[in-house]
């Protein structure tokens, strides 16, 4: 590897850390709504809206990276993808701190109990679907058996996995719009 390649890689990582820390804070704030999603329609709606907003926030951050850090405001697809994936990795690591604190010190099993209560209510109101809800009950029981650190690691894994896939269309759009904007100037 040349010195220029090492510098470019370090550059991507440092900006991904910067924007990933902001995204991680956003995820922690979004996660604070989770205990209330079954008891408050507003919290549930806000959680869904903020979850849908995640790829759009990533797009905005990737566009900022492209415009501020890339020569001529142009970024290649793989560089944009690497940036977005790293952004999601760092966001997942920051959010993991909030997840661990919540599950280790705050939750005390209340979230799992709430899920089980919701499943019981649906099973009672729809006896014909009771067998389907049994599958959900088993999944919730498996989650309940996890320790806070295991649950946190699982959430990191999920966030990175979904982030890798969300990063591809985001990177494609960021790289194509950069080239298009360059041609119009």
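Say R0 is 35 Å: what FRET efficiency, to the nearest 0.05, do residue 48 and residue 74 get from their beta-carbon distance?
0.50
Among 128, 134, which comes first, then next, by fewest other beta-carbon atoms within 10 Å?
Placing the least packed residue first, the sequence is 128, 134.
Under the classification rounded if a/c is under 1.5, otherwise prolate if a/b is larger than b/c and oblate if not, where does region 83-149 fall, given a ≥ b ≥ c as square roots of the Cα gyration tensor eigenvalues?
prolate
Can you give the helix-only mean residue ellipticity at 222 nm for the chain, where every DSSP H stretch with n ≥ 4 adds -39500 (n - 2.57) and the sum goes over all residues, rounded to the nearest 500 deg cm²/dmol?
The helix contribution divided over the chain gives -29000 deg cm²/dmol.
Work out the FRET efficiency for residue 157 and residue 38 from their Cβ-Cβ distance, taking R0 = 22 Å, and round it to the nearest 0.05.
About 0.35, to the nearest 0.05.
Report the dimensions of the chain along its three principal axes from the alpha-carbon atoms, largest first, rounded to Å.
Sorted from largest, the Cα extents of the chain read 63, 32, 26 Å.
When only alpha-carbon atoms are used, what values of Rg and Dmax, in angstrom, describe region 105-185?
21.0, 64
If I model a spin label as a point 7 Å beyond the Cα along the Cα-Cβ vector, how far apart are those points for residue 105 and residue 134 in nm?
The answer from the label model is 4.1 nm.
Roughly what angle does helix 148-184 make with the longest principal axis of the chain, taking Cα atoms, 0 to 90 degrees, to the nearest 10?
40
Once the Cα atoms of helix 3-31 and of the chain are each reduced to a long axis, what angle between those two axes, in degrees from 0 to 90 to the nearest 10, is obtained?
Result, in degrees: 30.
If a paramagnetic tag sat 7 Å from the Cα of residue 144 along the Cα-Cβ line, which residues of region 108-124 would have the backbone N under 14 Å from that point?
It comes to 108-121, nothing else.
Measure nothing fancy, just the Cα-based angle from helix 41-69's long axis to the longest principal axis of the chain, in degrees from 0 to 90, nearest 10.
Orientation of helix 41-69: about 20 degrees from the principal axis.
Calculate the FRET efficiency for residue 67 and residue 168 from the Cβ-Cβ distance with a Förster distance of 25 Å, rounded to the nearest 0.05.
0.75
Since every read-out is calculated from the coordinates, none of them should be taken as a lab result. Because the structure is predicted, anything quoted here is derived from the model rather than measured. Counting neighbours? That spans all protein chains shown, and the Cβs are built from the backbone with ideal geometry, glycine included.
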